[in-house]
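Report on the structure given below.
Values quoted throughout were computed directly from the atomic coordinates according to the rules given, and no laboratory measurement underlies them. In this text the structure is predicted, and so the values were computed from the model without any measurement. All Cβ positions, even for glycine, are placed from backbone atoms using ideal geometry, and neighbour counts span all protein chains on display.
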DNA sequence: TTGTCATGCCTCAAGCCTTGAGGTATACCC
DNA sequence: GGGTATACCTCAAGGCTTGAGGCATGACAA
């Protein structure tokens, strides 16, 4: 879809889902997540920190993530992992993602049956 | 992703792509499109007129659609169909959609290889 | 010592999109 | 006359990613 500066096509909600997915497997901190998402998507996605951090904060305030401070060589990291509710939410997101993919594929291929000549 | 009132997850840019797809096959008017999208997606999507009409106007002003007035039983309809540039744009959109689907599926399944222990 | 780079956290304005409700007008039927 | 379906349109609200920016530490070279 051309070069949209913001609100890029098809990416709405993807960061949140991938964050929940990665943090369901193991704990990570924000800066690490930013790069893990890039790696996990084979460089297709490159969500910046300005995208990731707000999502982490929101998900934690919703009880879908929990955090812990970790000191590594004098530096403080905030490590997040998914709560049971977070994993449940992930399952829901994946489900609705798959329904969207199915519906789009269907509309893109045949589509439009069931109403022979609406006009 | 819960019950978001606006900007629903995963739907960003989908209406535009489906509109281009349907209008690449045959000409339609706005009111008809609203229902054709619902049908083509097996009731998964139900984009309202407040979503469809602005997209039609924008795509026409971008030269991706062209319109013609049609009189049917005393009523005026504005019928749209895709221009060659519109079809090219559709091909692009479908391509980037498929890349997104591939990347998400990859990240959702295995993901995260290629960096064994970033921490 | 100074400079620079990577790490690590964070915030903010801008820009775009869908939603949902609302408004107008004609045609048809009872 | 009233109700419904058709057909067009507009608008505020809410939500999301982008891209840039700000802080602070540690390591490493010049």
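Observations
- Ranked from shortest, the separations from the 7 Å Cα-to-Cβ label point of residue A:73 to its equivalents in the other copies are 7.7 nm.
- Exposure proxy order (Cβ contacts within 10 Å, fewest to most) of A:47, B:10: A:47, B:10
- Crossing angle, helix B:84-108 versus chain B [Cα axis fit, 0-90 degrees, rounded to tens]: 30 degrees
- Measuring spread by the Cα atoms of the protein assembly as shown yields a radius of gyration and Dmax of 20.9, 79 Å.
- Rounded, prolate or oblate (a/c below 1.5 giving rounded, otherwise prolate when a/b exceeds b/c) for region A:21-88 by Cα gyration tensor: oblate
- Closest approach to the axis carrying B onto A, counted by Cβ on chain B and given in whole Å with its residue, is B:12, 2.
- A point 7 Å from Cα along Cα→Cβ stands in for residue A:92, and the other copies hold the same point at 3.7 nm, listed in rising order.
- Between 0 and 90°, nearest 10: helix B:49-61 axis offset from chain B longest Cα axis: 80 degrees
- For residue B:8, label point 7 Å along C-beta direction: distances to other copies, nm: 2.4
- Length released on extending from residue B:72 to residue B:49, taking residue separation times 0.36 nm less the Cα-Cα span: 6.2 nm
- Cα pair distances in chain A, grouped into 5 Å bins until the bin that holds the longest one, percent each: 2, 10, 17, 19, 17, 12, 8, 5, 4, 3, 1, 1, 0, 0, 0
- Cα gyration tensor, region A:1-45 - rounded (a/c under 1.5), prolate or oblate: prolate
- Estimated inter-spin distance, residue A:42 and residue B:26, nm [label 7 Å along Cα→Cβ]: 3.8 nm
- The long axis of helix A:30-40 is offset from the longest Cα principal axis of chain A by roughly 40 degrees.
- Mean residue ellipticity at 222 nm, helices only, chain B: -17000 deg cm²/dmol; runs of at least 4 DSSP H residues each add -39,500 (n - 2.57), and the sum is divided by the number of residues.
- The stretch between residue A:81 and residue A:106 holds 5.4 nm of extra length on full extension. This uses 0.36 nm per residue minus the Cα-Cα distance.
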